[in-house]
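A.B. asks: I'd like to ask some things about the structure below.
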Amino acid sequence: MTSLTPVTFVETDIERFAEQRGRIAILVTPDGRLDIAGRRVNRLSKGAVKRALEAKTEAGIKEGEVFTLAYPAGMAVDAVDVVCLSRNAPAEKVRAAGAALGKNRGKASLLIAAGGARRVAQLVMGAVLRDYQFNAHKTSAEAREGTIEVMCSDPEAAREAAAPRLAVAEGCFMTRDLVNEPANVLTTTEFANRLAEMESLGLKVEVLEEDQLAKLGMRTLLAVGQGSASPSKVVVMQWKGGAKDAAPLALIGKGVVFDTGGISLKPAAGMEDMTMDMGGAGTVAGVMRAIALRKAKANVVGLVGLVENMPSGTAIRPGDVVKSMKGDTVEILNTDAEGRLVLCDVMWYAQDRFAPAGMIDLATLTGAIIIGLGHENAGVFSNDDALCNAFLKAAQAEDEGAWRMPLGKAYDDMLKSPIADMKNIGGRPAGSITAAQFLQRFVKDGTPWVHLDIAGVASLKTDTTLAPKGATGWGVRALDRLIADKFETE
């Protein structure tokens, strides 16, 4: 797994600045005031910091803005990054400023003169998240170099504040690595093996093989993978950090390691992107890693359905009828609407076995959600206002775009089949909504449920504030915060 840039915390020592190498970051307020570290750097650079601030303040310095003084006279550093943050800067601005530092770092070590511990956690998290690189398959890639050192008045308090945020960052890295991996590397077996390795963190991990899935009646999930040489699997990850008798939160992830569309074959153009069709399972894995690393005081179970959707002589066909674990029958009209067939069996199994306090599924489920919401927001569907609003609040706090979409009987009626209990598609109109309606049929009465369609946010062609282009790790931060806010015990 891609490792986080090493982060250390030390007491403020402004005398170090004279001989410091690499990069230094100092903090200033929006009105241009310097703290003790900033004043020392200004003196060493013969007033360069003040002159740059005076030029900037005429135009107005924005909260979270970072500007750079390259090779300042009188100092040994490559650059000084000046970070504009007020004492009460919003967390997303602090993270964004940290991300700018991480992006600027390159191969150089970075010393952040952060003052107090208050903002350190978010600042460091942003720097670490943006410093991510996926070089696993580059033969000429150079080894990652440099460290991040944080100079502050209370290193122990800063370290304690940053530890859970760094745990979440490591969860994000796991999700990004999984989503970025090519399908010939991340087979269903390799995926399961990587999840099993997390037992060393205190998770209980079970891998259910095809014979066990058949006995359980997971025929819709098995139908998706029956055209592939890769065996279908379900991986169950349990974290028991809460009260012994407390029902867990269940996280369900779609793990289609590659999606050709099956017999309903996708167009060739862009099919290479379907290595990310396991993004929901990747996010669940990242959340489970994060809560295990930070020892969350909550009971959470993560379940992922791992399959590969391939065309072959054994593949499922349009027109086939398959019975789900619940017992309902599904007429398959399009084999490229396969994610819901995986999720419905895993969701039913999760409710049967764990009777969860709430259930959240994640899937790169529909292209329709991208048409509706673009790449700015995941689609959020729910039968429970309290759980849905708690998630939306957590997503907003972590600056992860999420937008609630409707459900309703009219959309559900679009799934009626003349020969089975339902069809697996409802036609082109409202495609993401009918997919959610399909899943809702497998939610038991009384189970609070949220469905997250992350097709537009799991992997992007451009950089974002906190990630380079490619896998984003969307959802790990929001779900970790939801668990902390709503499901952890004191």
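A.B. asks: Touching a residue at least 40 places away in the same chain (Cβ under 8 Å), of a type in the set (Ser, Thr, Tyr), within 25 Å of Arg130 (Cα to Cα) and crowded, with 18+ Cβ neighbours inside 10 Å: is that true of Thr5 in this structure?
C.D. replies: Yes.
A.B. asks: Something else about it: If a residue counts only when it is closer than 22 Å to Asn424 by Cα, which strands (runs of 3 or more DSSP E) contained entirely in region 173-287 have at least 1 such residues?
C.D. replies: Once the strands (runs of 3 or more DSSP E) in region 173-287 are filtered for at least 1 residues that are closer than 22 Å to Asn424 by Cα, what remains is 233-240, 249-259.
A.B. asks: Inside region 342-367, can you point out the residues that are surrounded by 20 or more Cβ atoms within 10 Å (Cβ to Cβ) and among the small types (Gly, Ala, Ser)?
C.D. replies: Ala350, Gly358, Ala363 - these are the residues of region 342-367 that are surrounded by 20 or more Cβ atoms within 10 Å (Cβ to Cβ) and among the small types (Gly, Ala, Ser).
A.B. asks: Does any residue of region 188-200 turn out to be touching a Phe, Trp or Tyr at 6+ places or on another chain (Cβ under 9 Å), under 27 Å from Glu400 (Cβ atoms) and crowded, with 18+ Cβ neighbours inside 10 Å?
C.D. replies: No; the residues of region 188-200 include none that is touching a Phe, Trp or Tyr at 6+ places or on another chain (Cβ under 9 Å), under 27 Å from Glu400 (Cβ atoms) and crowded, with 18+ Cβ neighbours inside 10 Å.
A.B. asks: Something else about it: Of the conditions (1) within 33 Å of the chain's Cα centre (by Cα); (2) at pLDDT 95 or above; (3) more than 19 Å from Ala158 (Cβ to Cβ); (4) of a type outside the set (A, V, I, L, M, F, W, C), Arg43 satisfies every one except a single condition; which number is it?
C.D. replies: (1)
A.B. asks: Which one is surrounded by the fewest Cβ atoms within 10 Å (Cβ to Cβ), of the residues in region 69-81 that are part of a strand (DSSP E or B) and over 30 Å from the mean Cα position of the chain (by Cα)?
C.D. replies: The extreme case among them is Ala70.
A.B. asks: How many of the residues making up region 52-101 are of a type outside the set (Phe, Trp, Tyr) and closer than 26 Å to Ala18 by Cβ?
C.D. replies: Total meeting the criteria: 27.
A.B. asks: Additional query: Looking only at region 33-68, count every residue that is assigned to a loop (DSSP other than H, G, I, E, B) and crowded, with 20+ Cβ neighbours inside 10 Å and tell me the total. Full working, then the answer.
C.D. replies: To start, the set of residues in region 33-68 that are assigned to a loop (DSSP other than H, G, I, E, B) comprises 33, 35, 45-47, 60-65.
Checking the rest, the ones that are also crowded, with 20+ Cβ neighbours inside 10 Å come to 45, 64.
Looking only at that region, the number is 2.
A.B. asks: Mind checking which strands (runs of 3 or more DSSP E) fall wholly inside region 308-404 and carry at least 1 residues that are more than 15 Å from Gly253 (Cα to Cα)? Break it down stepwise before answering.
C.D. replies: Details: elements: 321-323, 329-331, 358-363, 378-382, 402-404.
Hits in region 308-404: 321-323, 329-331, 378-382, 402-404.
A.B. asks: Also, quick follow-up: Could you tell me which of the residues Arg428, Arg477, Arg481 is crowded, with 24+ Cβ neighbours inside 10 Å and of a type in the set (Lys, Arg)? Spell out how you get there, then give the answer.
C.D. replies: On the way: Arg428 fails: crowded, with 24+ Cβ neighbours inside 10 Å; Arg481 fails: crowded, with 24+ Cβ neighbours inside 10 Å.
The unique qualifying residue is Arg477.
The values are calculated or read from the model by the stated rules, or taken from the named source; none is laboratory data. The structure displayed is predicted, hence computed values, not measured ones. Please note: Cβ atoms are built from the backbone with ideal geometry, for glycine as well, and neighbour counts cover all protein chains shown.
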